[in-house]
Amino acid sequence: MNQIKVMKFGGTSVGKPERMRQVSQLITADPSTPTIVVLSALSGTTNALVEIGNAIATGQREKAKELIEKLEAHYQTFISDLVKTAPSLAKAKAIVAEHFEFLTIILRISFSEALSKDILAQGELLSTKLFSVFLEENGIGHSLLPALEFMTIDAHDEPQINSIKTKLTQLLQQHKDKNLFITQGYICRNARGEVDNLKRGGSDYTASLIAAAINASVCEIWTDIDGMHNNDPRVVKKTVAIEQLSFEEAAELAYFGAKILHPASIWPAQFYKVPVRLLNTMQPDAKGTLITEAAGSEGVKAIAAKDGIVAINIRSSRMLLAYGFLRKIFEIFEKYRTPIDMITTSEVAVSLTIESIAELKAIVRELEPFGTIEVEENHTIVSIVGNEIAHTPDVLSKLFSALIPVPIRMVSYGGSKHNVSLLIPSAHKTETLQLLNKGLFGLE
Ligand code: ADP
Ligand code: ASP
Ligand code: MG
C-alpha cells in the first residue's frame, strides 16, 4: 500500500453544498493514493452549538430551543441541495433528525460540562455523515472512521499518540478494501471515556495527529485562503502568501495567534517529520504554503497576534540578589496549570503574561506575599517570526523605528531564535500590525 495522505477541510470548505462537491473532486483526484479525509463542522455550526450550550447552561431553555430549530432548518436546506435522489435524501434526513433529536433531548436533562462537549460534537458528526451520504450517492467508495473510536486525550488533555496509532491502524486494517476514509476533526474521547474535543479550531490538530500516527506522506490543510500570509489578513489589507516555512516558524505563528493553524497543530507533524501543506479549497491551483524541516530563507517571514493576554507584574525588593525566587513564582502557575507566554525580569520585578484567566484570582492571591502585584488585562502579544530572526542584523532597528507611536509594554528577544515578541495594549493592535507590515515588509 502506498503511504497514506491526510487531507483536512475546514468549516468554510464544507459549509455549502457546492463546496462539498468540490471537496469530493479534490479527494478523488488521485485515487491510487490512500487518503484519510478529516472534516470540520459546516461553518457557523460550532459557534451555534456553543451558543446552544451556553443558553442551556444559563437556564434559557426557550432560547436554546429556538437556536436548535434555526440550526436544524439550516441543515434541512443544506441537504435538500446536497443530494439529488430520494433514497439519499431520506438517509440525510434521518441523520439530521437523529442529531437534532439528541439536542432536543439534552434540553430536558440537567446541564453538565460533559453534556456541553456532547453538544459541541454534533457538528463534526453531522458534516462527516452527510458527506458520506453524498459520496455514496455519487458512487465514490469510502469508509467512515469514527474519531471517537481512536482519537483520545489523557487526564491532562494531551493526545495519546501511541494509543491513537494502535487504534487507527486496527480500524484501517478492518477496511483493507478501501482507499478513501472520512473522519471527524476536533472530537475525541477523554480519560473518563466521555466525548471531548481538541479545543476550537482543533480539526487541524486532528489532521496532524493522524498524519503523525500513520506516518502519512503529507498532511494537507485545506482552508479558505491560499496559505499562511505574512500578516493577519483580517486586520491588515495587503498581505501575501508565504511559500515555505520551517516547522519551527509555523509552530510559533500558530502558537502566537495565526488562526489558520490550531496552536498545537504543528508539533505532531514536526515530531514525526510529516510535511504540512496549507491549501485553498476555493483556489486549488494556488501554491499555498509548504511546511517542512528545511529552514529555508533567513529573516522575517510573518507576524501574528494573540489577544486576550493578561500581564502580571510582581515587584519585590526581596528579589534583589535572591535565588529561588522565580522557582516559587513558577510553582504557583504550575499549581494552577496556567501556562506563561512571555516573561521579563529585572532586579526588583518580574513581568509575565498568561492567556487563560480561569485561575487568575487564585494565582494573584498566592502571589501577594511575594510583593506588589499589578494585573493588566486587554493586552496582545505580537510575534514577529522568521528563521534565525535573532541573528538578522536590522530586524530590531526596523521593528522599533516602525513602532515609535506604540506603547510597548514588554519585549521578548532571544528566547527563540525564530521569534521576537512584543506585548502591547490590545487597543493598539491594528496600528501595530499595519506599521509592521510597512516597516518590515514594505507593504501598505
Ligand atoms: P478553517 O475553517 O478552514 O479551519 P480558519 O478560519 O480556522 O479556517 O483559518 C483560516 C483563516 O485564518 C483565514 O480565513 C484568515 O482570515 C485567518 N488568518 C489569520 N492569520 C492568518 C495568516 N497569517 N495567514 C492566513 N490566514 C490567516
Ligand atoms: N468545528 C470546530 C471549530 O469550529 C473545529 C474546527 O473547525 O477546526 O472550532
Ligand atoms: Mg481552523
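The values are calculated or read from the model by the stated rules, or taken from the named source; none is laboratory data. If you're wondering where the values come from, they're calculated on a predicted model, not measured in any experiment. So basically every Cβ, Gly included, is an ideal-geometry build from the backbone, and we count neighbours across all protein chains shown. We work out accessible area using only protein heavy atoms, side chains counted, and drop any ligands, DNA or RNA first. Shrake-Rupley method; radii C 1.70, N 1.55, O 1.52, S 1.80 Å.
Kirkwood analysis of the stretch 320-444, using all unique Cα-Cα pairs, places the hydrodynamic radius at 16.2 Å. To the nearest 10 degrees, how steeply does helix 429-441 sit against the main Cα axis of the chain, on a 0 to 90 scale? Tilt relative to the chain: about 80 degrees. In plain terms, the chain from S426 to D30 could stretch by 138.0 nm, reckoned as 0.36 nm per residue minus the Cα-Cα distance.
Given Cα positions, please report Rg to Rh for the stretch 57-104, the hydrodynamic radius being the Kirkwood one. Looking at the stretch 57-104, the ratio lands at 1.09. Average accessible surface for the chain: 45 Å² per residue, computed with a 1.4 Å probe over protein heavy atoms with every protein chain in place.
Our estimate of slack between K287 and V375, defined as 0.36 nm per intervening residue step minus the Cα-Cα distance, is 27.3 nm. Of the residues L130, A213, M282, the one whose Cα sits farthest towards the positive end of the charge dipole of the chain is L130 (charges of +1 on Lys and Arg Cβ, -1 on Asp and Glu Cβ, taken about the Cα centre). For the stretch 223-261, GluC sites (Glu not before Pro) meeting the loop criterion (DSSP other than H, G, I, E, B) and having at most 16 other Cβ atoms within 10 Å: E243.
The residues packed around A97, meaning those with a beta-carbon under 15 Å from its beta-carbon, carry a net charge of -1 if Lys and Arg are +1 and Asp and Glu are -1. Between S383, S40, S416, find the one with the highest GNM mean-square fluctuation for the chain; connect C-alpha pairs within less than 10 Å. Residue with maximal mean-square fluctuation among S383, S40, S416: S416. The Cα-based radius of gyration and maximum Cα-Cα distance (Dmax) for the stretch 6-112 are 16.2, 52 Å. Across the accessible surface of the chain, with the other protein chains kept in place and a 1.4 Å probe, carbon and sulfur atoms take up 53 percent. Charges were assigned to the Cβ only: +1 to each Lys and Arg, -1 to each Asp and Glu. The resulting dipole of the chain about its Cα centre is roughly 280 debye.
Each residue of the stretch 11-21 is assigned a 3J(HN,Hα), and the resulting list reads x, 5, 5, 10, x, 9, x, 5, 5, 4, 4 Hz, derived from the Karplus form 6.51 cos²θ - 1.76 cosθ + 1.60 (θ = phi - 60°), x at Gly and Pro.
For helix 45-57, report the angle its Cα long axis makes with the longest principal axis of the Cα atoms of the chain; keep it between 0 and 90° and round to the nearest 10°. On a 0 to 90 degree scale, this one is about 80. Taking the DSSP bridge list for the chain and keeping only pairs wholly inside it, about 60 percent are antiparallel. At an R0 of 35 angstrom, the distance between the Cβ atoms of L396 and N47 translates into a FRET efficiency of 0.35. The I357 and A322 beta-carbon pair, evaluated with R₀ = 35 Å, returns a calculated FRET efficiency of approximately 0.80. Based on the reciprocal of the average 1/r between different C-alpha atoms, the Kirkwood radius for the stretch 175-275 equals 14.9 Å. Around the Cα centre of the stretch 323-386, unit charges on the Cβ atoms of Lys, Arg, Asp and Glu (plus for the first two, minus for the last two) sum to a dipole of about 220 debye.
Computing FRET efficiency as 1/(1 + (r/R0)^6) for E113 and K237, where r is the C-beta to C-beta distance and R0 is 41 Å, gives about 0.50. Multiplying the residue separation of K93 and E149 by 0.36 nm and subtracting their alpha-carbon distance yields 17.7 nm. Pairs exceeding 25 Å between alpha-carbon atoms, taken from K63/K117; K8/K273; K16/K199; K5/K84; K8/K417; K167/K306: K5/K84; K8/K417; K167/K306. Counting only alpha carbon atoms, the long axis of helix 325-335 and the longest principal axis of the chain meet at about 20°. Please sort by residue number the trypsin sites (Lys or Arg not before Pro) in the stretch 162-223 whose DSSP state is loop and whose Cβ has at most 14 other Cβ atoms within 10 Å. In loop regions of the stretch 162-223 (DSSP not H, G, I, E or B), the sparsely surrounded trypsin sites (Lys or Arg not before Pro) are K176, K178, R192, K199, R200. Taking all Cα-Cα distances within the stretch 72-227, those exceeding 27 Å account for 30%. Sequence-ordered 3J(HN,Hα) estimates for the stretch 391-402 from the Karplus curve with 6.51, -1.76 and 1.60 and θ = phi - 60° stand at 9, 7, x, 9, 4, 5, 5, 5, 4, 6, 6, 5 Hz, glycine and proline given as x. Here's the picture: charge each Lys and Arg Cβ at +1 and each Asp and Glu Cβ at -1 in the stretch 372-444, and of V411, S426, I384 the one pushed furthest to the positive end of that dipole is I384. What the pair-distance distribution of the chain shows, using all Cα-Cα distances binned every 20 Å from zero, is 23, 53, 23, 1 percent.
For the stretch 353-431, the dipole from Cβ point charges (+1 on Lys and Arg, -1 on Asp and Glu) about the Cα centre works out to 200 debye, to the nearest 20.
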